[in-house]
Structures are given as C-alpha cells and as structure tokens.
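Report on the following structure.
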2 protein chains.
Amino acid sequence: MTTRRERARAATIDEIKETALSLMREHGSTDIRFSDIARSMGMTAPALYRYFADRDELLTALIVDAFDDLGTTVAESRARASADDLSGSFLAVASAYRRWVNQEPQRFALIFGMPVPGYVAPDEGPTTEAARRAMAQLESLFAEAAARGMLGRPTIHEVDDALLGCIIAKQAASEPAEATVPAETFQACLHCWSALHGFVSLETYGHFGFLTPEARDALFVSTVRLAALSSGFPWSDPAPTLSMVTNT
Amino acid sequence: MTTRRERARAATIDEIKETALSLMREHGSTDIRFSDIARSMGMTAPALYRYFADRDELLTALIVDAFDDLGTTVAESRARASADDLSGSFLAVASAYRRWVNQEPQRFALIFGMPVPGYVAPDEGPTTEAARRAMAQLESLFAEAAARGMLGRPTIHEVDDALLGCIIAKQAASEPAEATVPAETFQACLHCWSALHGFVSLETYGHFGFLTPEARDALFVSTVRLAALSSGFPWSDPAPTLSMVTNT
DNA sequence: GCGAATAGTAATGACGCATAACACTTGTGA
DNA sequence: TCACAAGTGTTATGCGTCATTACTATTCGC
C-alpha cells in the first residue's frame with residue numbers, strides 16, 4: 001500500500017536521477033553536480049538532500065539502475081526474438097548490448113569504465129555484479145543450445161588447467177537451477193563477451209570514426225557471427241538482415 | 001645544442017608529468033589538481049604555470065605522451081621478437097598492448113576512455129591518432145605475412161560493400177609506402193583489435209576478477225590465438241609458452 | 001487544524017584555477 | 001669581478017564553484 005506522499009517522493013527521486021542522466025549526456029561526462037541538477041529541475045541544491053544523503057549515494061543509485069537497465073534491456077530483447085531461432089536470439093542479445101551502450105555511453109562508462117573522480121564504491125559488490133549480469137544472457141543462451149544438443153565444439157585449443165579451475169568454481173557458485181555448459185564452451189563464451197565488449201567500447205568512444213555507420217553495422221554483424229561460430233554456437237548463415245541490428 | 005638551462009627545464013617538465021601520473025595511479029582516476037602535483041613535488045601550485053599554461057595543456061601533454069608510449073612499447077616488443085616467427089610477433093604485439101594497459105590503467109583510460117571532466121580536446125587529431133597507432137603494428141604484421149604469401153583466408157563471411165568502401169578509403173589515405181592487405185584481411189584485423197581491446201578492457205577494470213591471474217593469462221593466450229586463426233594469420237600451435245606473455 | 005514532509009534562503013567552509021607582485025638563483029657579458 | 005637579465009619560485013589575492021548545514025516558510029495529507 002503506497003500513500004500519495006510515497007508516490008510523489010518516488011516520482012521526485014526518479015526525476016532527480018533522470019535529470020542527472022540528462023546532464024551527464026549533455027555534459028558528456030559522468031561528473032555531476034547537485035547544484036546543476038537542482039537548477040535544471042527548478043529547485044535549489046539543498047532540497048536534494050531530502051532524497052539523497054550525499055553525492056555518492058546518488059551515484060550509487062545511478063550505477064545500480066544502470067546495471068538493472070542494461071540487464072533487463074538485454075533480457076527483453078532476447079525475449080522478443082523467436083525462442084526457436086538461436087542465431088536470432090544471439091544477435092538480439094549482442095545488438096541490445098551494443099544499442100544500450102551507444103545510447104547511454106555515460107552509463108556504460110559509469111559501470112564499465114574508471115570510477116568517477118570523487119566517488120568511492122560502497123563495496124566490492126556492484127562491480128562484480130556488472131560482469132555477472134552482462135554475461136548472464138550470453139551464458140544462458142549457450143546453456144539452452146546445449147540443452148538442445150546443438151552446441152558444437154568451439155575452435156579453442158584446449159582449456160587450461162588454471163582456467164578450468166576457475167570455471168568450475170564459478171559454475172558451482174552460480175544458481176544450481178541454472179543449466180551449465182562445458183568448460184570449453186564457457187571459455188568460448190568469455191571470448192564472445194570480450195569481442196562484443198571490445199567492439200562496443202571502441203565504437204562508442206569514437207575509435208571507429210573512419211567507418212560510416214553502415215560499415216560499422218556490417219562490422220558488428222560480422223563480429224557477432226565470428227564470435228558465435230568460433231564458440232561452437234549454432235549459427236545459421238546467411239546472416240540476418242541489418243534491420244535486426246538497428247530495429248527492435 | 002641544448003643549454004644547461006634547457007635541460008633543467010626539460011627535466012622539470014618530465015618530473016611534473018611523472019608526478020601527475022603517480023597521483024593518477026594513487027588516486028585511481030584521471031583527475032588531477034595542480035595543487036596536488038605541486039605539493040607532491042615540494043613546490044607551490046603557481047610555479048607550475050611556468051611550465052604549462054593551464055591544466056588542459058598538461059592533460060594534452062599527458063595524452064600525447066601516452067600515445068607515444070603505447071606505440072613505442074608495442075613496436076619495441078615486436079622488434080624484440082624474432083622477425084621470422086610471425087606467431088611470436090603477433091603474440092608479442094598483443095602482449096605488449098595488454099601489459100601496457102595493465103600497468104597504466106589510468107593512461108589507458110586517458111586515451112581510450114571517456115574524457116576527463118573539465119577537459120576539452122584541442123582538436124579532433126589525438127583521438128583519431130590513438131586508433132591509428134594502436135592498429136598500426138597489427139596491420140603491418142598482417143602486411144608482412146601477406147608479403148610472404150602466408151596469409152590465409154579469414155573465416156569471415158564476406159566483406160560488406162559499405163565496409164569495403166571505408167577500408168579502401170583508409171588504405172588510400174595511409175602512407176603509400178605501407179604495404180596493404182586484402183580488404184577481408186583488414187576486416188579480420190579489426191576483429192582482432194576488438195577482441196584484444198575487449199579482453200584488455202574487461203581485465204583492467206576488474207571484470208575478470210573471478211579468474212586467477214594464471215587463468216587470465218591462459219584466457220589471454222587463447223583469445224590471441226583465436227583472433228589470429230580466424231583472421232587467416234599464420235599461427236603455429238602449440239602456442240608459445242606462458243613466459244612469452246609475462247616476460248619481455 | 002495539526003503535524004510531518006518538503007522546499008527555500010542564507011551561511012559556512014573548503015577547494016581549485018589562475019594571476020600579479022615580489023624575491024631569489026644562475027649564467028653570462030662587460 | 002660585478003652587474004644585468006632571464007629564469008624560477010613564493011606569497012598574497014581574487015574569483016568562482018560546490019557540498020553541506022542551520023534555520024525558516026510552506027504545502028499537503030490525514
């Protein structure tokens with residue numbers, strides 16, 4: 001049961017966070033000032049302290065939100081793809097990741113880049129969480145392919161013993177309910193993530209500036225395809241049309 | 001002919017830059033304050049203005065230095081590898097890139113991450129330059145393999161027309177003296193860079209925290225190997241020993 | 001109408017960039 | 001040897017911004 005007051009308060013909190021994000025986008029950095037936020041909202045800075053104890057608390061909230069948003073965005077995009085179409089689902093997940101980062105470069109920097117100047121993370125949790133959630137959809141996609149017996153051998157050489165130990169430890173630590181994949185596939189999955197993350201990072205920070213948007217799209221599809229193929233993920237050429245990358 | 005004064009001045013400039021980098025490493029961000037630098041050097045802040053007109057000029061110098069350092073580090077590491085051993089050279093280049101980033105995460109953020117809060121880049125040059133130099137060694141390695149006729153077909157599907165146009169334009173713009181590679185190989189080369197950059201980014205920002213250092217090394221070698229193989233680059237298994245990754 | 005939630009005003013304290021005025025050092029030429 | 005000038009550094013200062021607190025006024029639900 002939420003009272004009217006509580007709803008108003010929640011709305012204000014949302015507005016503060018939304019305004020902070022707008023200012024980040026405008027200013028092009030992850031740096032924010034209470035005074036700016038307040039001015040932009042037609043308020044005064046001290047009023048914000050009714051909602052956030054200090055600047056760090058607001059930043060923490062923004063980071064947590066970014067995690068959630070990226071995670072749900074990717075998951076939703078995957079859910080929209082036909083469950084039968086594994087290639088399509090794979091591309092949907094990768095595209096959603098890319099699209100989110102392109103649309104929200106500041107939030108991307110917030111969770112995957114260097115920490116903000118004055119900010120110190122509350123604990124080790126959130127950072128690890130970022131990695132976990134980002135990987136989750138990819139991993140579960142592989143698990144589903146494995147469940148259908150459609151997983152091929154990845155083209156990696158062999159799984160190193162040290163790596164194997166970590167993979168086993170990680171899979172043991174994850175929810176027992178989650179289906180697991182062979183260690184070599186998990187490693188290939190990490191390769192996929194690296195490739196995806198690398199492409200997206202370079203693109204977002206403008207290092208693919210010598211490519212036209214269309215060329216970048218083509219390179220992206222090629223990157224995803226190559227990642228899937230080398231991971232033993234069931235991929236069906238011809239590749240889906242570009243509209244799958246830009247739409248949805 | 002450098003006078004004694006000029007040498008002293010140059011030394012001071014170096015010390016300022018070095019101190020700024022130390023503070024960055026200490027503080028864990030790319031944010032720096034003149035007052036901190038001066039205090040750390042046993043000087044007062046205004047004295048720094050004898051050497052740098054303002055904070056942005058210092059930042060620009062640091063960025064340019066970072067470009068140079070990364071470029072020469074990678075080039076030197078490649079030069080130390082046997083020129084005959086293409087696999088070794090490839091791994092040397094990738095390892096140097098990785099090592100530099102791991103040792104200098106702040107400088108990496110400086111050139112490949114989001115801009116520093118108050119800083120505005122002097123012009124479009126440096127950013128583009130970062131991409132160019134980082135790619136240069138990889139590209140020339142492929143060119144050399146091509147010159148020896150050892151370049152296989154990359155496992156990419158086909159080169160998209162839009163991408164092809166950009167690649168041709170870029171190769172035409174580069175030094176005519178530089179040997180070029182087929183468009184499909186250039187594209188594969190971009191894939192290599194993405195994979196390398198992605199791995200290094202994730203590792204440096206702690207998102208591979210669930211892996212032990214040894215496991216990360218193994219994953220890195222596997223990443224490089226996979227990138228080379230899928231690019232048609234002549235790679236010889238068994239992979240070089242791990243010492244090649246950590247040493248040099 | 002009462003009281004809690006909320007917002008504004010004003011004030012405080014700290015900090016950072018940048019500049020100006022002044023003082024010391026050092027190399028060099030008369 | 002001495003004086004000058006360039007170079008270097010310090011103290012003092014102005015200016016602006018920002019986070020945060022204390023206090024006061026207002027609004028709004030119950």
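The values are calculated or read from the model by the stated rules, or taken from the named source; none is laboratory data. What you see is a predicted model; the values in this text were computed from it and never measured. Every residue, glycine among them, receives a Cβ derived from its backbone with ideal geometry; neighbour counts consider all protein chains shown. To get the accessible areas, we keep the full protein, side chains included, count just its heavy atoms, and leave off ligands, DNA and RNA. Shrake-Rupley method; radii C 1.70, N 1.55, O 1.52, S 1.80 Å.
Miscellaneous remarks
- Working note: Karplus 6.51/-1.76/1.60 with θ = phi - 60° gives the range A:80-86 the couplings 6, 6, 4, 5, 6, 8, 5 Hz, where Gly and Pro are set to x.
- Chain A Cβ-axis minimum, rotational copy B, residue and distance in Å: A:G198, 1
- Sequence of B:M24, B:M43 when ordered by accessible area, the most exposed leading, probe 1.4 angstrom: B:M43, B:M24
- For the pair A and B, total buried accessible area rounded to nearest 100 Å², probe 1.4 Å: 4400 Å²
- Distances in nm from B:R50 to the matching label points in the other copies, shortest first (labels 7 Å along Cα to Cβ): 5.4
- Chain B: calculated mean residue ellipticity at 222 nm from DSSP helix runs of at least 4, using -39500 (n - 2.57): -22500 deg cm²/dmol
- Measuring how big the range A:1-52 is from its alpha-carbon positions, Rg and Dmax come out at 11.9, 39 Å.
- Here the range B:1-52 exposes an accessible surface that is 49 percent carbon and sulfur, computed with a 1.4 Å probe and the other protein chains kept in place.
- Rounded to the nearest 0.05, the FRET efficiency derived from the C-beta distance between B:T3 and A:E175 at R0 = 56 Å is 0.20.
- Position A:E144: other-copy label points at 4.5 nm, ordered by increasing distance, label point 7 Å along Cα→C-beta.
- Distance from the C-alpha centroid of the range B:139-161 to that of the range B:9-39: 43 Å, rounded to the whole angstrom.
- Taking all protein chains into account, the per residue accessible area for chain B stands at 45 Å² (1.4 Å probe).
- Residues A:F34, B:F210, sorted by accessible area with the largest first, give B:F210, A:F34 [1.4 Å probe; ligands and nucleic acids excluded].
- A:D69 - accessible surface, heavy atoms, 1.4 Å probe, Å² rounded to 10: 50 Å²
- Note on B:I168: accessible area is roughly 100 Å² with a 1.4 Å probe, heavy atoms of protein only.
- Note on chain A: Kirkwood radius taken over Cα pairs, Stokes-Einstein applied at 25 °C and 0.890 mPa s, translational D equal to 123 µm² s⁻¹.
- Ligands, DNA and RNA excluded, the heavy atoms of B:H191 present near 20 Å² of accessible surface to a 1.4 Å solvent probe.
- R0 of 25 Å, Cβ-Cβ distance B:A136-A:T212: FRET efficiency to nearest 0.05: 0.70
- Placing a label point 7 Å from Cα along the Cα-to-Cβ axis, A:D161 is separated from the same position in the other copies by 5.5 nm, shortest listed first.
- Largest to smallest principal axis extent of the C-alpha atoms in the protein assembly as shown, angstrom: 81, 59, 44
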